[in-house]
Each structure stands twice: as C-alpha cells, then as structure tokens.
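The structure appears right after this line, and notes come after that.
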Amino acid sequence: MDTEFRPLPDDEAGDELFADYVQYAFAPDRGPEVDLDDDRPDPPRIRRGLYPADGDEPLTLCSSYPFETRLRGATLPMGGVSTVATPPEHRRKGYVGEMLRELCREYRDTGTPLSALWPFKHPFYAQFGWATTSRYLAWSCEPSALRSAAATGGTWERVDPDAWADLDAVHRAATEDRPLSLDRSEAWWRERQLRGWDSDPYVYLWRDDDGEPRAYVAYRIEGDWGDRTFEARANHAAADREAFRHLLGFLADHDSQVGTVRFRTAVDCPLHDMVADPAELDCELNPGPMARLVDVPATLDALDYPTDSSLALGLVDPLLDEVTGTYDLAVAGGRATVERTAADPDGADATLGIGPFSQLVVGYRSAADLAVGGELDADDGTVAQLDALFPATTPYLQEGF
C-alpha cells in the first residue's frame, strides 16, 4: 500500500480522531465514546500519522514532545515519542516502523538529533534502534521508616502552578549534572508536572533558612481511610543531600495519614545508607525510558570530551539507512569533528548498532560492557579509547510522557 506521513488535522476533527485512537490503545475499558471536554493535561506536542496515500483515516499515529535534554556539557533538542496507537485491523503490517522512520527523518530535518520514549515492550522498540538508557529505583515504605534520615528547619509551603519558576530552580539544581535530565519549559511544568488526568496533585516547596527554594514534592494521596498511600512517583527533587533529608522529613510527617509512601529516585540514591534500618525499605530496580541518536554528527559535535582521540566508528541502524555507515571521529581540546565517510560500516575500528552506541554516548553502558556482551566489535585498545571518550555515568530521565 502506498502511504503518506503527515500531520493530523489541527482542528476538532483531528482532536477527536487522535483521542479515539489513543483511547482504544490505552484505555479501551472506557468504551468507544470519546469525551473531548475532559480537563486533560495538554503540554505542547506535535501529532503525526501514517495514512493511506488516498485516505483520511490513519493506519497508525503518534505524538511527539519537543524536549531539551542535558548531555555531557551540552543541551540538545530531543523528540519524546508518545501515544503510538494502531487500530487492531492495521497491526503487524509494518506501519509503526514506517511511521517511526519518517518521524526520525523529521527530527533530523528540524535539528533534533535525539529521541526518547517509554516503551510498552522494550524488544518492540529495540528492533527500531531505541535502547534502554535510564533506570530508576522505586521505593516503598511506612513513613516512619524515613524518620531517622529526616532533617528539620526551614519552611514548607503549599504552592500552585504560578510557583513553577521556584520549582524549576530546584529541579535545575538537582539535575544540572545528570545526563538526559530535561530542561523543563513553563508549559511542561503547568501542563504535565502540576496537573493530572483525574485530579491535580498537591504541591509543596521547601525553603531553607535563607528563603531559597531547595526541595519540592508533587503527590497524591490514594486509597481509603486505613489503607492510604502517599504517591509521589518521580515528581520531586532536592537540590542537595541536606534538602533531600528535609524532603524525607516531609514524607515521614504523613505517618498519621498514610500507611505507605512511594517515590522514585535515580539508581545512585544513597537512601539505604541514610536510614537506621534499611530492611524497612522496599526497593525495586526498574528499566526506564529508551533513547537513540537520530543524527550522529549533530549529537557528537555538541558534546564535551575529557580526552583527545581519533577513530573510525561503524554504526548499523535498523531503521535509518542514512545513519548506517562509517564515521571518522576526531577529538581535540574537548571538541569533536565527525564526518560520515562511507555508507558501509565494515572495516571501522569499532562496529556496533545504533542502540548500543546510544547507550555508550549517554553513559548508560561502558564500551567494556558492550564488548563483553558481544555488542561492540573492537580490539582492547579501541574499547579503552571509547571508554575514555564516553565515561560511564548515571543517566536519569524521570519524566513520564
């Protein structure tokens, strides 16, 4: 079938079409009736569909959020793929892959060198070049279990969305050195962080004794009396360890209201070492979102590097033929020049898929780990070169989208 990748109509008909597809994909229990009057969060995004060349009903559709993400000294545009929805009559015919290919080409054409998504199944998106690039810890405990790590002082205040700039100051202080953290816009704060699908969250901000904003938490209290849960997920931040202790104190102070508190952190969170009895904490390690490079030179040119080096990289991309190839990478004085010199990746100093290479670039996995796993073909010297250029870090993309 001849197909065409194009925007959804930017009108009520387009809104209804989008809502119908997304509701069937993610909330089929609501039935076929679509309510466009509900008060859903709506941060800025684009909507795209893959259509029959001569039709007005998409074979599949998606949306994409225009993010800015931090990575190795740079702030780069990143497309957040979301709400990929295909009616059952069009599934398993290759349409999603075709749509994602065209979306990534649009990213390349508009100066967006990175893409990320939350997968419903990791292997599904791995076949198109995305790879896991972030993990998180999910914590659950009684509020009292956090008391021993808590600090007092300063002031907590309940705030509304107009306080987004103070909340953003906390977020920036907490994530400025964290790979894949987002530079949140005012619209993202107002429409996603501080709004909800069924109800808006409570939002509290902590100021230190000098009045500076240093921690925040946005949360809901769920369940019935006697079995309530304080649910913060990843919607919290603390500027430093001391501010985190005050955040823990705020959670602990809900011991008369809830039986359980739940929240997420990056995998390097030292909470087990901060409390008196770490056995009172339930902690689960989870895979987070997936990401990939869609424009290799644009990404690598923007980064800071800790050492000088030069080598030829052979990359294999299952989605984009224009990415597959050999790249000459030369780094001097902390800056890189990158040129795609051939469409064939064979014969390079190091050869790997775009997914594993994306994991290396963001710091999620080391070159040594990729080599041991059989995902990087290179000699020991080249593996050491890559690890020197792209030291392992702890990426944490915490936003849901």
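If you scan the stretch 188-202, which residues turn out to be surrounded by fewer than 19 Cβ atoms within 10 Å (Cβ to Cβ) and part of a loop (DSSP other than H, G, I, E, B)?
ARG195, GLY196, TRP197, ASP198, SER199, ASP200, PRO201 - these are the residues of the stretch 188-202 that are surrounded by fewer than 19 Cβ atoms within 10 Å (Cβ to Cβ) and part of a loop (DSSP other than H, G, I, E, B).
Within the stretch 149-165, is there a residue that is within 22 Å of the chain's Cα centre (by Cα) and either within 17 Å of GLU68 (Cβ to Cβ) or at pLDDT 95 or above (or both)?
Checked the stretch 149-165: at least one residue is within 22 Å of the chain's Cα centre (by Cα) and either within 17 Å of GLU68 (Cβ to Cβ) or at pLDDT 95 or above (or both).
Please pick out the residue among PRO58, PRO32 that is assigned to a loop (DSSP other than H, G, I, E, B), more than 18 Å from the chain's Cα centre (by Cα) and crowded, with 18+ Cβ neighbours inside 10 Å.
Sole residue among the options that is assigned to a loop (DSSP other than H, G, I, E, B), more than 18 Å from the chain's Cα centre (by Cα) and crowded, with 18+ Cβ neighbours inside 10 Å: PRO58.
All but one of (1) surrounded by 15 or more Cβ atoms within 10 Å (Cβ to Cβ); (2) over 30 Å from LEU389 (Cα atoms) hold for LEU117; state the number of the condition that does not hold.
(2)
So which of ALA151, ALA85 ends up being surrounded by fewer than 22 Cβ atoms within 10 Å (Cβ to Cβ), in the same structural domain as VAL261 (by TED's automatic domain parsing) and of a type outside the set (Ser, Thr, Tyr)?
ALA151 is the lone residue from the list that is surrounded by fewer than 22 Cβ atoms within 10 Å (Cβ to Cβ), in the same structural domain as VAL261 (by TED's automatic domain parsing) and of a type outside the set (Ser, Thr, Tyr).
With respect to CYS283, is the statement that it is in a loop (DSSP other than H, G, I, E, B) and either closer than 30 Å to TYR216 by Cβ or in the same structural domain as LEU248 (by TED's automatic domain parsing) (or both) true?
So CYS283 fails the test.
If the requirement is being buried (at least 17 other Cβ atoms within 10 Å of the Cβ) and closer than 17 Å to GLU16 by Cα, which of these qualifies: ARG72, ARG47?
ARG47
So which pairs qualify, if the first residue must be in the stretch 187-213 and without any contact (Cβ under 8 Å) to a residue 12 or more places away in the chain and over 18 Å from ALA174 (Cα atoms), the second must be aromatic (Phe, Trp, Tyr) and not in a strand (DSSP E or B), the Cβ gap must be under 7 Å, and the two must be at least 6 apart or on different chains?
Qualifying pairs under 7 Å: none.
Which number in (1) assigned to a loop (DSSP other than H, G, I, E, B); (2) closer than 30 Å to PHE263 by Cβ; (3) charged (D, E, K, R); (4) touching a Gly at 6+ places or on another chain (Cβ under 7 Å) marks the one condition that ARG365 misses?
Going through (1) assigned to a loop (DSSP other than H, G, I, E, B); (2) closer than 30 Å to PHE263 by Cβ; (3) charged (D, E, K, R); (4) touching a Gly at 6+ places or on another chain (Cβ under 7 Å) one by one, ARG365 breaks only (4).
Does ARG91 fit the bill of being within 27 Å of PRO395 (Cβ to Cβ) and basic (Lys, Arg)?
For ARG91, the condition - within 27 Å of PRO395 (Cβ to Cβ) and basic (Lys, Arg) - is not met.
The values are calculated or read from the model by the stated rules, or taken from the named source; none is laboratory data. Since the structure is predicted, the reported quantities are computational estimates derived from the model, not experimental observations. In this analysis, Cβ positions are derived from the backbone assuming ideal geometry, glycine residues included, and neighbour counts consider all displayed protein chains.
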